[in-house]
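Heads up: the structure comes next, in structure tokens.
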There are 2 protein chains.
Amino acid sequence: MAVNSPLPVAADLKPVNGIEIGFAQAGIKKPNRKDLLVMKLAPGATVAGVFTKNRFCAAPVQVSKANLAAVADGGAPIVALVVNTGNANAGTGESGLANANQTCAALAALLGCGAQQILPFSTGVILEPLPVDRIVAGLPAAVANLTLDNWFNAAEAIMTTDTQPKAASRTVVIDGHSVTMTGISKGAGMIKPNMATMLGYLAFDAKVAQPVLDQLVRHAADHSFNCITIDGDTSTNDSFMLIATGAGSLEIADIDSPHYEALRDAVTDLARGLAQMIIRDGEGATKFITITIEQGGSVEECRKIAYSIAHSPLVKTAFFASDPNLGRILAAIGYAGVDDLDVTKLDMYLDDVWVAQSGGRNPDYQEADGQRVMQQSEITVRVTLGRGNASATVWTCDLSHEYVTINADYRS
Amino acid sequence: MAVNSPLPVAADLKPVNGIEIGFAQAGIKKPNRKDLLVMKLAPGATVAGVFTKNRFCAAPVQVSKANLAAVADGGAPIVALVVNTGNANAGTGESGLANANQTCAALAALLGCGAQQILPFSTGVILEPLPVDRIVAGLPAAVANLTLDNWFNAAEAIMTTDTQPKAASRTVVIDGHSVTMTGISKGAGMIKPNMATMLGYLAFDAKVAQPVLDQLVRHAADHSFNCITIDGDTSTNDSFMLIATGAGSLEIADIDSPHYEALRDAVTDLARGLAQMIIRDGEGATKFITITIEQGGSVEECRKIAYSIAHSPLVKTAFFASDPNLGRILAAIGYAGVDDLDVTKLDMYLDDVWVAQSGGRNPDYQEADGQRVMQQSEITVRVTLGRGNASATVWTCDLSHEYVTINADYRS
């Protein structure tokens, strides 16, 4: 049960000209579920991505990075993306790389392009061999149902422990040019993206030059998927991909284009919504928590403190219990690693309730006020540091019995 | 129920000449429980401590540090330590400091010494005012029952969410001199000590010069309380105190004494046992996990990786479930922050089972073997990095439903 996150409506997900989607039930881990996704791009599309910084980055991540680098070096453009669930193909060594490349070759043969023009992605259990034969066997069915209209199916096809598909769509008009954008994401555990979430794909129909798209994807990730955490576990497979199909009339050739900022903000806004959907559907989540740190000396120290609060099991269980045991938040701030933090300049608020003042309990703070806010399903923790003008926001969820149940049972 | 950690036997806890112990039921948070402890030292005793690095360090920690510094500056020696449970006196600002000092003054009046000669300690809920009147009212009873024989009562008096008291004792003979040492510790949650655990006290009857004791306490902490974690939450009140009563015949005047290493190793060994008792009694713990990282480029990077594994909620829930979902360990290694880690040189073992080889699954690894080890109550994860000769070990426990229950209910 996601927190205040209604199921996306298939009819609300707008097709994006220039990208066709197909899916299949390949039986990769379990039968009778969509577990294979193909996204085919029109000629002229550009693709940019950010990937996990986990040193155990998965074989498909390594292959996708190499294939994008080949494009940057003047190679043929990307033609399609392929995603499987049920197996992460991570911690799989040389045979894992061979399996990822074999997946690309099989899809390339079906689409009449080079294997290097395919970007592969996997998500699921780590340290288990990829059943590449099932993927190869499933690809023809996925290619056979390629259509512009499959975004809802795409969102379903990339789910693992997600309780619901995650997708969003919008159309913006920039200087008279209509731009349609649709994105999907997945993830519910092993979520502390370090460049992107488990998997996110966002396509729009403007034409965007590669260097601009490279910059845009980093901006969007830094303000969306890189601001969320469920359990502090950075996945081996995190990938966030931005696709500019070029099928629409808006063209952005360089970063100084007068339309760049408008497009960037619209894309970032949609990406932020997709990222927050992951938190709302976090494993066992019952609450959606926004943590904002203000008046910091740098964005980096604000993020450090925000993540320290967001990762504390004690803070997260207090939210689950609706218990205003707010000293746990102070403790998490104190061990965040900001070594010269002067706690006597620090204030803390829970929504509109002023809890801590100058590092101690606000004399006017009443437990009943804290209790009232803690019972809500959406809560903002705001901390002011009195050190400068920087700020940062991180979104997270609580830690419940259900989280333990899900992760104790995930493979069985 | 602590993991393989029998209840200490009161008769096995040896009195240490030169330190008398008294306790009381002061009703600080709840009635009818021992919640106040006084330890009175004989003239000639030396005291050294390590304290939390949490920036929100509690008022009593600030006062204890200041009072130890006064001794170092030539002030009168420490006469007694006083510990209360039920309230951490942290996040309490100026009034918290006044309350800690008032506690010292009240005990000093009873013992006929200066307030600066008292070291105060508190543990319990953060951000709530210390009920100092109840502490002051309880002190006469604690002083009245001062005796050499109260170590078991002392261990009980400092418990909070601990399910059982933690204490250990031993006598070593160093070059013909008998040294008796007894220690107690407490802690079950908010445990990732950064210099020491929530509370640990270890006394012995050798005479040790202050500079030697200062060095000894850091060594002992670094090899015991600084190698454990339950939930990654560094407390505001961590303190580990070493007391050399000087009542015995062994004297160590400087660090080059031929007997220093023998004493250091005996003290460290006892401290390690006390630290491990905290993990065995970790909130909701069902398993005791040893994580050893070998062949690292530095001890620091080994510790980083060990803590990354030890803090991963996904790894901890897999241990709880006895599920050999060991790819989660690889993911935690990968995001530990060792940026130039070459995973192709990495091997991983679960007890005697060789799981990962050169960064991928060992072809001979059988799930049944991993399953067998995961069902044990004591498990060692050993990772070899192939980068150098450094190593580090960290002890932790699993993450169970009971952890969530305890921490969702702690204050109620």
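Only the coordinates and a few stated rules stand behind these numbers; no lab work does. Model, not experiment: these values are computed from the prediction. Virtual Cβ from ideal backbone geometry, glycine too; neighbours counted across all protein chains shown.
Build a GNM of chain A with springs between Cα atoms under 10 Å: which of A:V355, A:V82, A:V61 gets the top mean-square fluctuation? For chain A, modelled as a Gaussian network with Cα springs under 10 Å, the answer is A:V355. The other copies place their B:S358 label points at 6.5 nm from this one, listed shortest first, where each point is 7 Å from Cα along Cα→Cβ. For segment B:16-145, the mean projected area of the C-alpha convex hull, equal to one quarter of the hull surface, is 7.6 nm².
DSSP beta bridges confined to the protein assembly as shown are antiparallel in about 70 percent of cases.
Charged side chains reduced to their Cβ positions (Lys and Arg at +1, Asp and Glu at -1) give chain B a dipole of some 840 debye around its Cα centre. Projecting the Cα atoms of A:V172, A:M39, A:F225 onto the charge dipole of chain A, computed from C-beta unit charges around the Cα centre, puts A:M39 farthest toward the positive end. When A:T229, A:T103 are arranged by Cβ crowding within 10 Å, least crowded first, meaning fewest neighbours, the order is A:T229, A:T103. Across all directions, the shadow cast by the convex hull of the protein assembly as shown built on its C-alpha atoms averages 34.6 square nanometres.
Charges were assigned to the Cβ only: +1 to each Lys and Arg, -1 to each Asp and Glu. The resulting dipole of the protein assembly as shown about its Cα centre is roughly 700 debye. Ordering A:T182, B:T384 by the number of other Cβ atoms within 10 Å of each residue's own Cβ, fewest first, gives B:T384, A:T182. If you plug the beta carbon distance of A:N145 and A:D12 into 1/(1 + (r/R0)^6) with R0 = 25 Å, you get a FRET efficiency near 0.75.
Here's the picture: charge each Lys and Arg Cβ at +1 and each Asp and Glu Cβ at -1 in chain B, and of B:A332, B:S322, B:V404 the one pushed furthest to the positive end of that dipole is B:V404.
Residues considered: B:A98, B:A368, B:A115. Largest GNM mean-square fluctuation over chain B, using C-alpha springs under 10 Å, is found at B:A368.
Relative to the current alpha-carbon distance between A:S358 and A:D256, full extension at 0.36 nm per residue lengthens the span by 32.3 nm. Given springs between every Cα pair under 10 Å in a Gaussian network model of chain B, which of B:R272, B:R387, B:R218 has the largest fluctuation? Per the Cα network of chain B with a 10 Å cutoff, B:R387 tops the list.
For A:K65 and A:N4, the difference between the fully extended length at 0.36 nm per residue and the C-alpha to C-alpha distance is 18.4 nm. Projecting 7 Å from Cα along the Cα-to-Cβ direction, the label point of B:P211 sits 6.2 nm from its equivalents in the other copies, listed shortest first. Positive end of the dipole of chain A, charges at C-beta (+1 Lys, Arg; -1 Asp, Glu), about the Cα centre: which of A:A368, A:A10, A:A356 has its Cα farthest in that direction? Farthest along the dipole direction, towards plus: A:A10.
Compared with the dominant Cα axis of chain B, that is its longest principal axis, helix B:210-222 is turned about 30°.
Each other copy places its own label point for A:S257 at 7.6 nm from this one, sorted shortest first, where the point lies 7 Å along the Cα-to-beta carbon line. Under 17 Å of direct C-alpha separation, and excluding same-chain neighbours fewer than eight residues apart, B:K166 reaches these aspartates and glutamates: B:D12, B:D35, B:D149, B:E156, B:D238, B:D269, B:D281, B:E283. Cβ crowding within 10 Å, taken as a proxy for footprinting-reagent exposure, orders B:C227, A:C113 from fewest neighbours to most as A:C113, B:C227. Computed from point charges on the beta carbon alone (+1 for Lys and Arg, -1 for Asp and Glu), the dipole magnitude for segment B:288-409 about its Cα centre is near 160 Debye.
Rounding to the nearest 10 and keeping the result within 0 to 90°, find how far the Cα-based axis of helix A:132-144 lies from the longest principal axis of chain A. Orientation of helix A:132-144: about 80 degrees from the principal axis. Centroid-to-centroid, using Cα positions, segment B:207-254 and segment A:1-46 are 59 Å apart. Compute the signed sum of charges (Lys and Arg +1, Asp and Glu -1) over the other residues within less than 14 Å, Cβ to Cβ, of B:N101. The answer is 0. Assuming R0 = 56 Å, what is the FRET efficiency of A:H219 and A:E367, from their Cβ-Cβ distance, to the nearest 0.05? With R0 = 56 Å, the Cβ-Cβ based efficiency is 0.85.
The helix-based estimate of mean residue ellipticity at 222 nm for the protein assembly as shown, built from -39,500 (n - 2.57) per DSSP H run of four or more residues and divided by its residue count, is -10000 deg cm²/dmol to the nearest 500.
Secondary structure note: in segment A:288-409, about 70% of the DSSP beta bridges are antiparallel.
Working note: Cα atoms of segment A:10-280, range along each principal axis, descending, whole Å: 49, 42, 37. Charge tally for A:W354 (other residues, Cβ to Cβ under 12 Å; Lys, Arg +1; Asp, Glu -1): -3.
Most simply put, chain B has about 70% antiparallel DSSP beta bridges, counting only bridges with both residues inside it.
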